[in-house]
């Protein structure tokens, strides 16, 4: 008899439509807050502003490995989100860009503090294909995040081909 594989629980992840300018503004504010925290942790010594800013930027806006797959009328994006506390993860969607947001795991480097005093990290994903940000859905399966992006104009393309 074959052993059965345990199914991983799926968890829905909140997706919020936020325009690119607002995303950039929020991320810049988070980096600035973290840079100030670093300045304070160094005894408020002047002359290290650039180093503090770069360290804050690296901690707050790190790289993310992800993969894209096209299927039917949507794009499926998968990413390992092991740096994030699973219960804190959410997605900002804007035309051409997705941003993963959340708290870092306790054993990871701290990031910027948001308005509520929570440390936050961000991972930006540029998406070159046109997609409808209002139709984006995300699911967390263990440490992997799946994001479904409905391709914009798909229905019009199908109608044009059928005509």
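A short reminder: the numbers here are calculations on the coordinates, not readings from a lab. All figures in this text were calculated on a predicted structure; none of them were measured in a lab. No Cβ is skipped: glycine too gets one built from the backbone with ideal geometry, and neighbour counts run over all protein chains shown.
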* Gain upon complete extension [residue 132, residue 45; 0.36 nm per residue less C-alpha separation] -> 26.6 nm
* Asked: Label residue 80 and residue 36 with points 7 Å out from Cα along Cα→Cβ: what is the distance between them in nm?
  -> 3.5 nm
